[in-house]
Amino acid sequence: MKHDVIVVGGGHAGCEAALACARMGVETLLVTISRGDIARMPCNPAIGGLAKGQLVREVDALGGEMGLCIDRAGIQFRMLNRAKGPAVWSPRAQADKAVYHEGMMSAIEAEKNLELLEGEITGLAMAGGVVTGVMSAEYGELQAKKVILALGTFPNGLMHIGEKQIPGGREGEPPSCGLSDRLSEAGIERERLKTGTPPRLVKGSIDFSRCEVQHGDEEPSPFSFRTGRLVVEQVPCHITWTGEKTHAIINANIHRAPLFSGQIKGAGPRYCPSIEDKVVRFSEKPRHQIFLEPEGRDSEEIYVNGLSTSLPADVQLEMVRSVPGLEGAEIARYGYAIEYDFFPPHQIHSTLESRKIAGLYFAGQVNGTSGYEEAAAQGLVAGINAALALHGRTPFVLGRSEAYIGVLIDDLVTKEIREPYRMFTSRAEYRLSLRQDNADERLLGYAVRFGLLPRGQWEGMIGARKSVQRARRRLEAENVAVADAGKMRAARLLQRPGVSLEDVERLLPDGPLALGKRERESLEIYVKYRGYIRRQNRTAEKFKRMERRRIPDDFPYVEIDALSAEAREMLGKFRPETLGKAARLAGVRNSDVSVLMVFLEKAGAWRDGDDG
Amino acid sequence: MHGDTIVALSTPPGSSGIAVIRISGPDAIGILDTMAPGARAWKPRTLHNRVLRDTGGEMLDDVVAAVFHGPNSYTGEDAAEISCHGSMQIVSAIIEESIGVGARLAEPGEFTRRAYLSGKLDLAQAEAVADLIASETRLQSQVALEHLGGGLSKRITAIEERLRAKLALVEASIDFSEEDIEAYTMADLVAVSDETRREISELLESEVAGGKLRHGMRITITGPRNAGKSSLYNALLGEERAIVSPLPGTTRDVLRERIHIGGFTYYLEDTAGLAEAGCEIESEGMRRGREAASAADLILFVVDAGEGWTCGALEELESHADRNRLLVVNKTDLVPGGGEAAAGSPAGELRTVTVSAVSGEGLGRLREKIFEFTANGEVSGVSRERIALNIRQGMALRRAEEALERLGRELGMNSPAEILSLEIREALDACGEVTGRSAAEDILEEIFSNFCIGK
Ligand SMILES: Cc1cc2nc3c(=O)[nH]c(=O)nc-3n(C[C@H](O)[C@H](O)[C@H](O)COP(=O)(O)OP(=O)(O)OC[C@H]3O[C@@H](n4cnc5c(N)ncnc54)[C@H](O)[C@@H]3O)c2cc1C
Ligand SMILES: Nc1nc2c(ncn2[C@@H]2O[C@H](COP(=O)(O)OP(=O)(O)OP(=O)(O)O)[C@@H](O)[C@H]2O)c(=O)[nH]1
Ligand SMILES: [Mg+2]
């Protein structure tokens, strides 16, 4: 059996990677331990959220599957941050996990260049530093020109529930040990990280009358640009709180928490701490918020958001029952923490290809990230780049000013990972332009160019974009009469606080703008933000020109005495692809950049790249 | 890379008090033209005597200038060279004016780097250019560090901390809006924004624009009690400014006056005499004196020739070991030649001066030394960097001030968090240019350590 690309792992990264490859016309094989794994959600029953929602919109604009899947599987939709400005609105939806899995499964089955195989991959096949395939326990060697690893939390996964330690990739699944060890033998560095998940409760055992109710938006907005109107009967979530009693139970048992007993060595995410961590570190807080989220429309299990823990089972039960509404709760599945190997991403290029082993790509949790959306975004990028490489085309690297995906990958290849990485809007210096409403405008062109979307789908999207642009030009050209200022440009008027597009539209001499709801919203946001965006770009663009200055991969940093010692070390470790990336490394100062410029000139290495 | 035009003080002012400012880049000649309005056309590579004026028409200086067309210049680009009078005020004013009309302050070694990149220097010189950049950078950070030892840094750091705390609140409200965490209030932000802007305006007034940096370097007189510091202070000023008395411990507060030496402006400071112990007021006086000395550009350490180098004096001197300093042995009218104290000076001949504050003997030599060790001698690179630092800081603080002004307006319009963040970030970014910290980087750190985040 010989394929163009083999994707290992059918999680969120692996699925997008495999679909992208197949859609770009390369023969693709997706190998995963079990078909039931496809797009499984081991933690939150939700897709999107702050900054993550923007990622999903970007994945969608690039022809990815995540947006369509969640539109079908969503059981409650909310646009977060509505109270803030539209630049930071983020869509989020509660997902029916089973429906999500089925949706992704049928997308995979429908793809003609894509084959799905159940099995565990235990090693790589290589020849002269180039990957030639993978070794499978069940099928022996499987050959391919490119291999994408999307192994999630499986590499040497070790789960903790109290004193109990169970090797596993996640609950009920064995770890993947051989592959990680083979990679290590091949010279790929690995380190440990940790994450965790809360217990699931039996729905019927919860007294919801004692909790606050949280409903979805009255008018749900879809994630995908390809979804028309969402018609969905939404399901509520519930809110309750821990209290002093809960905290007393935790404190009394803290010596049994693997996090504090020294049993867990990997670093966990500070933005997603376990309840025992919260109680210890913020002991002055009298209570912590808990969201009760259904795992599906008809699921009997409730996810206890906010109560992530690896305390022993008996303590988990006592702790849960100390919470109002949960006094009689039964635990369906216990919470646990998991430690796993990841492969620090200073070892990959921005294409997600390994520096060490040509043709090998890393995507998702294996790069030190956390989250379904972060994984999907990387899977897509790895898939696109593997296919482009097979076609001999220029690699696909998004700039920080183009997309959250660009920020994500740039951060991975320029920053030390000390805890699982997740996206935040504050990581994006071009935040005002990287909005959920304009992901199509920013990225659709790539999807079309790479053939990721069928014509029938992108034509509609481009049509919508064009109508926004036409309307924008009208606002910039047409004058309207205003009581206090005489005549002024319609766009200027719309920039005034408190003036809405409707107000302006009524005054337009050539009549109303023919626009759909989503397009109207996008236009209004654009005009209102224009001035700020220009300023934001001016401050953020200090390094932009340097983004095009490429640095050869074998640049001899060690030989340059004039670089500061710290810069030399960081440059040698990360081997930045451009001067812009070099300048963003911690410890590299302006003067180091100047010194680099001098030597790059000497090496005749100025070349214009297409990044940024 | 050479889209823009750069300016810098290229040679430090010489003993004749002349300084050379260089401008290089596509707009170099245009910028010179703008500053010398109505002048006849420039003949390349020829010296012209011209009057430079700012955009308001005020005269900046009477200078000698020349233009060079690329590639026939040092950098290979269009370039202008201005020789002006060597006072700090004049140099700063000309550089600031050229920045105002389109130039950018050069980075360390940038002139040489441009010369190299445009092919004027041969390849083997890359090494040397890189070393130059590195050493100029060291000089720059040394100057910044010295300077930041003082009050300005403390105040900007306090401003930064305040802004960063507020930015963390604003950012947390965006990225963690689903969490149960403290929210910012508009009233609180308005208060902080107003207060901070006021403070920055004050700093600009006192410290940067009209203050010591713009107007000169600081010379602090220190030393044991009764050594004759106040007498020397008066002698250098030429007026009886400080109280002199035979009682030890006469001076309590730091006195400060302007003096001119060789076309340069200095701030001369008299401080309380040093002793092992003292009453509360005396101790406070000594503390202030030491603080002043630690921020000085030059320390004059005065001892009484009759007393010589006591243990206390040596110990005190030791605490300024790494500083730019001159040892002054006073009262040569009583001990001719300064005697033992002069012969056994811990600083060696070059940095020791014998004087009599009463008879005036040696004061001329002292003035020469002061000039030599601040404007011309081994610290000349320092004085050049100081001018650059001053200009950079002024520009940065003005940028912070503007961002806070806009923040005030946005707050008035009830603007959303991401817009408020834009302005706070810009203000922080500008402050960071002064203190060298990158402001926005660690906002997430700040959030994680202050708020309980995570569902
Ligand atoms: C307990 C737990 C808690 C988590 N908590 C959070 C959280 O709080 N917040 C958050 O954002 N994210 C959390 N996550 C992470 C989130 O699930 C992942 O970030 C996301 O699923 C990663 O996607 P992925 O595609 O990289 O890997 P996964 O979705 O994990 O998929 C990996 C796939 O690879 C397959 N596989 C692995 N090894 C092999 C092999 N050798 N051969 C064949 N197939 C293989 C597996 O079967 C699996 O299908 C948690 C995960 C776990 C397990
Ligand atoms: N003969 C002589 N006496 C001097 C000279 N300089 C200072 N004195 C005398 O020394 C005494 C102390 O002088 P000050 O100038 O007050 O000394 P000071 O170092 O400022 O003293 P404190 O402020 O108390 O630390 C006074 O009586 C001065 O007149 C000098 O050059 N020659
Ligand atoms: Mg005195």
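Kirkwood Rh, Cα Rg: Rg to Rh for the range A:488-539?
Over the Cα atoms of the range A:488-539, Rg/Rh equals 1.01.
With respect to the cross-link table entries A:Lys97/A:Lys278; A:Lys112/A:Lys517; A:Lys203/A:Lys265; A:Lys415/B:Lys154; A:Lys356/A:Lys581; A:Lys52/A:Lys146, which display a Cα-Cα separation exceeding 24 Å?
Check vs 24 Å cut-off fails for A:Lys97/A:Lys278; A:Lys112/A:Lys517; A:Lys203/A:Lys265; A:Lys415/B:Lys154; A:Lys52/A:Lys146.
Quick check: with the 1.4 Å probe, what order do B:His260, B:His69 take by accessible area, largest first?
Largest accessible area first, the residues go B:His260, B:His69.
Probe 1.4 Å, all protein chains in place: accessible area of B:Ile453 in Å², nearest 10?
0
Over the range A:275-376, with the other protein chains present, what is the accessible area per residue in square angstrom, probe 1.4 angstrom? Mind dumping the intermediate values first?
Working: 2640 Å² over 102 residues.
Counting only protein heavy atoms, the per-residue value for the range A:275-376 is 26 Å².
Given the -39500 (n - 2.57) contribution per DSSP H run of 4+ residues, what per-residue ellipticity at 222 nm results for the protein assembly as shown, rounded to the nearest 500 deg cm²/dmol? Please list the in-between numbers first.
Values: 34 runs with 417 residues, N = 1067.
Dividing the helical sum by the residues of the protein assembly as shown leaves -12000 deg cm²/dmol.
To check my understanding: the extent here is largest minus smallest coordinate of the Cα atoms along each principal axis. What are those three numbers for the range A:1-57, in Å, largest first?
42, 25, 11
When we measure straight from the Cα of A:Lys487, which lysines land under 22 angstrom away, once same-chain ones fewer than 8 places off are left out?
A:Lys528
Find the centroid of the Cα atoms in the range B:409-426 and in the range A:89-156, then give the distance between the two in whole Å.
Centre-to-centre (Cα) distance: 45 Å.
As I understand it, the dipole of chain A uses +1 on the Cβ of Lys and Arg and -1 on the Cβ of Asp and Glu, about the Cα centre. Which of A:Leu579, A:Thr195, A:Leu326 lies farthest toward its positive end?
Highest projection toward the positive end goes to A:Leu579.
Filter the GluC sites (Glu not before Pro) in the range A:91-183 to those in DSSP coil with at most 16 other Cβ atoms within 10 Å of their Cβ, and list the result. Mind showing how you got there, number by number?
Values: sites: A:Glu102, A:Glu109, A:Glu111, A:Glu115, A:Glu118, A:Glu120, A:Glu138, A:Glu141, A:Glu163, A:Glu171; in loops: A:Glu111, A:Glu120, A:Glu138, A:Glu163, A:Glu171.
Answer in residue order: A:Glu138, A:Glu163, A:Glu171.
Rounded to two decimals, what is the ratio between the C-alpha radius of gyration of chain A and 2.2 N^0.38 Å?
That works out to 1.00 for chain A.
How about A:Lys2: which aspartates and glutamates have a C-alpha closer than 14 Å to its C-alpha, ignoring those fewer than 8 places off in the same chain?
A:Glu27, A:Glu115, A:Glu141
At a probe radius of 1.4 Å, what is the per-residue accessible area of B:Tyr74, in Å² to the nearest 10?
100
Just how large is the dipole of the protein assembly as shown about the Cα centre, in debye to the nearest 20, putting +1 at every Lys and Arg Cβ and -1 at every Asp and Glu Cβ?
Dipole of the protein assembly as shown, to the nearest 20 debye: 2260 debye.
Taking all protein chains together and a probe of 1.4 Å, list B:Ile299, B:Ile29 from the most accessible to the least accessible.
Correct descending sequence by accessible area is B:Ile29, B:Ile299.
Which three lengths, in whole Å and largest first, does the range A:194-331 cover when its Cα atoms are put on their principal axes?
Principal extents (largest minus smallest coordinate, Cα): 52, 33, 27 Å.
Calculate the spin-label point distance for A:Arg473 paired with A:Glu502, positioning each point 7 Å from the Cα along the beta-carbon direction, and give it in nanometres.
Between A:Glu502 and A:Arg473, the simple spin-label model gives 2.8 nm.
In chain B, what is the volume of the convex hull around the alpha carbon atoms, normalised per residue and reported in Å³?
It comes to 195 Å³ per residue, whole-number rounded.
With Rg and the Kirkwood Rh both taken from Cα atoms, where does Rg over Rh land for the range A:290-412?
With Rh from the inverse mean 1/r over Cα pairs, Rg/Rh is 1.16.
What accessible area per residue, rounded to a whole number of Å², is obtained for chain B using a probe radius of 1.4 Å?
Heavy-atom SASA per residue in chain B reads 41 Å².
Which ³J(HN,Hα) values, rounded to whole Hz and listed in residue order, are derived for the range A:402-413 from phi using the Karplus coefficients 6.51, -1.76 and 1.60 in 6.51 cos²θ - 1.76 cosθ + 1.60 with θ = phi - 60°, glycine and proline given as x?
9, 6, 4, 4, x, 4, 4, 6, 4, 4, 4, 8
Return the residues of the range B:164-185 for which accessible area with all protein chains present is lower than in the chain on its own by 30 Å² or more; set the probe to 1.4 Å and exclude ligands, DNA and RNA.
Buried on complex formation: B:Ile174, B:Asp175, B:Ser177, B:Glu178, B:Asp180.
Considering only DSSP beta bridges where both residues belong to the protein assembly as shown, give the percentage that are antiparallel (nearest 5).
Roughly 65 percent of the beta bridges in the protein assembly as shown run antiparallel, per DSSP.
Work out, step by step, the length gained on full extension between A:Arg589 and A:Glu244: first 0.36 nm times the residue separation, then minus their alpha carbon distance; give nm to one decimal.
119.3 nm
What are the ³J(HN,Hα) couplings of the range B:195-205, residue after residue, when phi is run through the Karplus curve with 6.51, -1.76, 1.60 and θ = phi - 60°? Round to Hz, x for glycine and proline.
4, 5, 5, 4, 5, 5, 4, 4, 4, 4, 4
Roughly speaking, to the nearest percent, how much of the range A:157-200's 1.4 Å accessible area is carbon and sulfur? Can you show the working numbers first?
On the way: 900 of 1760 Å².
For the range A:157-200, the apolar C and S fraction of the accessible surface comes to 51 percent.
Sort largest first and round to whole Å: the equivalent ellipsoid semi-axes of the range B:6-120, each the square root of five times a Cα gyration tensor eigenvalue.
For the range B:6-120, the ellipsoid semi-axes come out as 21, 16, 13 Å.
Once Lys and Arg get +1 and Asp and Glu get -1 on their Cβ, which of A:Cys272, A:His247, A:Phe282 lies farthest toward the positive end of the dipole of the range A:239-284?
Going by the charge dipole, the pick is A:Cys272.
Find the Rg to Rh ratio for the range A:548-608, where Rh is the Kirkwood radius over alpha-carbon pairs and Rg uses the same atoms.
0.90
Got a sec? What order do B:Arg392, B:Arg365 fall in by accessible area at 1.4 Å, biggest, i.e. largest, first?
Solvent-accessible surface, decreasing: B:Arg365, B:Arg392.
Along the charge dipole of chain B, Cβ charges K/R +1 and D/E -1, which of B:Tyr266, B:Leu167, B:Asn390 sits furthest on the positive end?
Going by the Cα projections, it comes out as B:Tyr266.
Give the percent of DSSP beta bridges with both residues in chain B that are antiparallel, rounded to the nearest 5.
Bridges in chain B are about 60 percent antiparallel.
Which percent of the accessible heavy-atom area of the range A:472-544 goes to carbon and sulfur, probe 1.4 angstrom?
Working: 2060 of 4110 Å².
Ligands and nucleic acids excluded, carbon and sulfur give 50 percent.
Computed from the mean reciprocal separation of all distinct C-alpha pairs, what Kirkwood hydrodynamic radius does the range A:37-91 have, in Å?
Values: mean 1/r = 0.0836 Å⁻¹.
About 12.0 Å for the range A:37-91.
Roughly how many debye, to the nearest 20, is the charge dipole of chain A about its Cα centre, given +1 on each Lys and Arg Cβ, -1 on each Asp and Glu Cβ, and no other charges?
Dipole of chain A, to the nearest 20 debye: 2320 debye.
With r as the distance between the Cβ atoms of B:Val190 and A:Glu141 and R0 = 56 Å, compute the FRET efficiency 1/(1 + (r/R0)^6) and round to 0.05.
Details: r = 68 Å, r/R0 = 1.22.
According to the calculation, E is roughly 0.25.
Pop out the carbon and sulfur fraction of the accessible area of chain B as a percent, whole number, probe 1.4 Å.
50
Per residue, what accessible area does the range A:548-608 have, given a 1.4 Å probe and all protein chains present, in Å²?
43
For the range B:213-378, what is the Kirkwood hydrodynamic radius in Å, using each pair of distinct C-alpha atoms?
15.5
Can you give me the relative contact order of chain A as a percent, contacts being Cα pairs under 8 Å and 6 or more apart?
With pairs under 8 Å counted, the relative contact order is 17 percent.
Which far-off residues, 5 or more places away or on another chain, put their amide H under 5 Å from the one on B:Ala272, with H placed in the peptide plane?
Hits under the 5 Å cutoff: B:Gly289.
Treating only the Cβ atoms of Lys and Arg (+1) and Asp and Glu (-1) as charged, compute the dipole magnitude of chain B about its Cα centre; round to the nearest 20 debye. Write out the running numbers ahead of the final one.
Values: 47 positive and 73 negative charges, 338 e Å.
Charge dipole, chain B, about its Cα centre: 1620 debye, nearest 20.
For the interface of B with A, what's the total buried accessible surface in square angstrom, probe 1.4 angstrom, rounded to the nearest hundred? Write out the running numbers ahead of the final one.
Details: alone 20920 and 24560 Å², together 40990 Å².
Buried area between the two chains comes out at roughly 4500 Å².
Assuming R0 = 56 Å, what is the FRET efficiency of B:Arg398 and A:Arg455, from their Cβ-Cβ distance, to the nearest 0.05?
After rounding, the FRET efficiency stands at 0.55.
Determine ³J(HN,Hα), in whole Hz, for all residues of the range A:392-400 in sequence, where each value follows from phi through the Karplus function 6.51 cos²θ - 1.76 cosθ + 1.60 and θ = phi - 60°; x replaces Gly and Pro.
x, 9, 4, x, 9, 10, 7, x, 5
So if we plug the beta-carbon distance of A:Lys544 and B:Ala343 into 1/(1 + (r/R0)^6) with R0 = 56 Å, what FRET efficiency do we get, rounded to 0.05?
0.35
The values are calculated or read from the model by the stated rules, or taken from the named source; none is laboratory data. As the structure is a prediction and not an experimental result, all values here were calculated from the model. Because the Cβ atoms are built from the backbone with ideal geometry, glycine has one as well, and the counts that use them run over all protein chains shown. Only protein heavy atoms, including side chains, enter the accessible area calculation; ligands, DNA and RNA are left aside. Shrake-Rupley method; radii C 1.70, N 1.55, O 1.52, S 1.80 Å.
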